[in-house]
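Undergrad: Have a look at this one before I ask anything.
The values are calculated or read from the model by the stated rules, or taken from the named source; none is laboratory data. From a predicted model like this one, the values you see are computed outputs, not experimental measurements. Because the Cβ atoms are built from the backbone with ideal geometry, glycine has one as well, and the counts that use them run over all protein chains shown. Accessible surface areas use protein heavy atoms only, side chains included; no ligands, DNA or RNA. Shrake-Rupley method; radii C 1.70, N 1.55, O 1.52, S 1.80 Å.
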Amino acid sequence: MNVYAAILEKKQQGKKQIAILIDPDKHQEHDFKVMAKRFQKLPIDYLFVGGSLLSYDLLDACLTAFKMETKFPLVIFPGSVMQVNRKADAILLLSLVSGRNADLLIGRHVEAVPYLKQAKIETLSTAYLLIESGKITTAQYISSTLPIPADKAEIASLTAQAAEMLGHKLIYLDAGSGALNSVPEEMIKLVRNNIQLPLIVGGGIRTAEQAKSKLIAGADLLVIGNILEQQPQLLQQMVDAVFNFNQSE
Ligand code: 1GP
């Protein structure tokens, strides 16, 4: 399975996509199978797995359960090079282009090469832009970087354009997991209008209405995580928001 080809194909067809983010740390090992069975019939495009800080060793158990019970492409959304696992289909090779921490622009990637080669999983070169969200998120704290201010859409747009010129394959605007404020629509619009690459948007999306407005603004792929840990019943509404948007186009 080629995950990038699937993302591009849907984008070319004008179809929006949804990824559900699972942070293995927020669950018990026996939860994963139950969750996978619950998810399997829903039109979820990708399952993202990972976290800024994983304290428990549950990544493998999570991937194993979802691989057994579902057909979703499994994509690692890594907080560190230790989160490489051959049971996934792909990994977002994130370059934190909103920050100026050389380690997160190239350093960790150098260290990750042997693990990535061994795992033989698809690498998705992703320009990752952290956007200020009303509080310090774990991603911001752990990365020791300043996010792009939420009212500086122009900075986000220029950063995304530079990343596209540098040859990244995906642009990810992220307010950070559990963000108070999600990425503003104005910023999404400006970035969308200035790049060709698929645009991923996530962080702090809590309602189906918010999901819809991110899609209208120009997001190609939404990532929803935190709110579903708190209110699992919202999962259906979130996937419906994307499904209904696609039906109405
Ligand atoms: C975080 O974009 C993801 O990096 C998803 O954010 O967990 O707030 O939905 P939430």
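Undergrad: Go through segment 91-130 and count every residue that is of a type in the set (Gly, Ala, Ser) and open to solvent by 40 Å² or more (accessible area, probe 1.4 Å).
TA: 1
Undergrad: Here's something else I'd like to know. Return yes when Ile142 is more than 19 Å from Ile224 (Cα to Cα), within 14 Å of the ligand (Cβ to nearest atom) and open to solvent by 40 Å² or more (accessible area, probe 1.4 Å) and no when it is not.
TA: The answer is yes for Ile142.
Undergrad: Tell me the residue from Lys11, Lys16, Lys87, Lys71 that is within 16 Å of the ligand (Cβ to nearest atom) and over 24 Å from Pro147 (Cα atoms), please.
TA: On inspection, the qualifying residue turns out to be Lys16.
Undergrad: Does segment 149-157 include one or more residues that are closer than 19 Å to Lys11 by Cα, away from the ligand (no atom under 14 Å from the Cβ) and among the polar types (S, T, N, Q)?
TA: So in segment 149-157, the residues closer than 19 Å to Lys11 by Cα come out as none.
No, because not a single residue in segment 149-157 is closer than 19 Å to Lys11 by Cα, away from the ligand (no atom under 14 Å from the Cβ) and among the polar types (S, T, N, Q).
Undergrad: Check whether at least one residue in segment 200-208 is more than 11 Å from the ligand (Cβ to nearest atom), open to solvent by 10 Å² or more (accessible area, probe 1.4 Å) and closer than 24 Å to Leu124 by Cβ, and report yes or no.
TA: There is no residue in segment 200-208 that is more than 11 Å from the ligand (Cβ to nearest atom), open to solvent by 10 Å² or more (accessible area, probe 1.4 Å) and closer than 24 Å to Leu124 by Cβ.
Undergrad: Also, quick follow-up: Determine which member of the set Glu154, Glu229 is at pLDDT 95 or above and surrounded by fewer than 24 Cβ atoms within 10 Å (Cβ to Cβ).
TA: Going through Glu154, Glu229 in turn, the sole match is Glu154.
Undergrad: Sticking with this structure for a sec: So, Leu215, is that one assigned to a helix (DSSP H, G or I), in contact (Cβ under 8 Å) with a residue 40 or more places away in the chain and within 12 Å of the ligand (Cβ to nearest atom) or not? Walk me through it before giving the result.
TA: Details: assigned to a helix (DSSP H, G or I): yes; in contact (Cβ under 8 Å) with a residue 40 or more places away in the chain: yes; within 12 Å of the ligand (Cβ to nearest atom): no.
Spelling it out, it is not the case that Leu215 is assigned to a helix (DSSP H, G or I), in contact (Cβ under 8 Å) with a residue 40 or more places away in the chain and within 12 Å of the ligand (Cβ to nearest atom).
Undergrad: When you scan segment 168-181, do you find a residue that is in contact (Cβ under 8 Å) with a residue 24 or more places away in the chain, closer than 23 Å to Ile22 by Cα and surrounded by fewer than 16 Cβ atoms within 10 Å (Cβ to Cβ), even just one?
TA: Yes, segment 168-181 contains a residue that is in contact (Cβ under 8 Å) with a residue 24 or more places away in the chain, closer than 23 Å to Ile22 by Cα and surrounded by fewer than 16 Cβ atoms within 10 Å (Cβ to Cβ).
Undergrad: Can you confirm whether segment 37-46 contains a residue that is of a type in the set (A, V, I, L, M, F, W, C), away from the ligand (no atom under 16 Å from the Cβ) and out of contact with any strand residue (DSSP E or B) (no Cβ under 6 Å at 6 or more places or on another chain)?
TA: Filtering segment 37-46 for residues of a type in the set (A, V, I, L, M, F, W, C) gives 39, 42, 44.
From what's left, away from the ligand (no atom under 16 Å from the Cβ): 42.
Okay, now just the ones that are also out of contact with any strand residue (DSSP E or B) (no Cβ under 6 Å at 6 or more places or on another chain), so 42.
Yes, some residue in segment 37-46 is of a type in the set (A, V, I, L, M, F, W, C), away from the ligand (no atom under 16 Å from the Cβ) and out of contact with any strand residue (DSSP E or B) (no Cβ under 6 Å at 6 or more places or on another chain).
Undergrad: Here's something else I'd like to know. Residues to consider are Asn181, Asn194, Asn226; find the one that is touching a Ser or Thr at 6+ places or on another chain (Cβ under 8 Å) and more than 15 Å from the ligand (Cβ to nearest atom). It would help to see each step written out before you state the result.
TA: Details: Asn181 fails: more than 15 Å from the ligand (Cβ to nearest atom); Asn226 fails: more than 15 Å from the ligand (Cβ to nearest atom).
The unique qualifying residue is Asn194.
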